[in-house]
1. Quick one: if the Förster radius is 45 Å, what FRET efficiency do residue 80 and residue 6 give, using the C-beta to C-beta distance and rounding to 0.05?
2. If I model a spin label as a point 7 Å beyond the Cα along the Cα-Cβ vector, how far apart are those points for residue 67 and residue 157 in nm?
3. Using 0.36 nm times the number of residues separating residue 18 and residue 113, minus their current alpha carbon distance, what extension gain do you get?
4. Roughly how many nanometres apart are two label points built 7 Å out from the Cα toward the Cβ at residue 120 and residue 57?
5. Two decimals is fine: what's Rg over Rh for region 1-90, C-alpha atoms, Kirkwood radius as Rh?
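No value in this document is a laboratory result; all are computed from the given coordinates. Just so it is clear, the model here is predicted, and its values are computed rather than measured. Every residue, glycine as well, gets a Cβ built from its backbone with ideal geometry; the counts of neighbours run over all protein chains shown.
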């Protein structure tokens, strides 16, 4: 342990920031992409990119779509149909197969034709779950890691305020020609501290 509390906080702030910061970067990046998860699905599954005219016509579930669903699900006791929307222009069919795994296929909203299936998790199957669980399902360890990383981020904010005693005074100081007493590291700490007002 370092001789002073401030120096021990500096060590904690540095190493926790490097390790947890890398994990948080991945979590935040996936969270940002999750805003567009359905659009990423459309990009990765080109067969589901239908024209807007297909959305204008009403969808009839009592004809070709139901027949196709019964063929695909092969007697599954339960299946789920999601109607088309602006973000998902195709009919989405989900069910559990005999092994208990979830299956998903897309159907044309008017003809009930099976659209080409791409073996991809895309945005809703990979990016969005990664944001909150890191795809670590064993004993829900992914949820715990994400929560721990979030709490550690708050610890890093507090330890950063302890390390940089004059950070709030220096934060509002501009040093274009050394007219201010701001240290050289201000150019790196100021961008890191600007979001603090939204976190605290």
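1. 0.20
2. A separation of 5.9 nm, rounded to one decimal place.
3. 29.1 nm
4. With each label point 7 Å from Cα toward Cβ, the separation is 2.7 nm.
5. Ratio of gyration radius to Kirkwood radius for region 1-90: 1.37.
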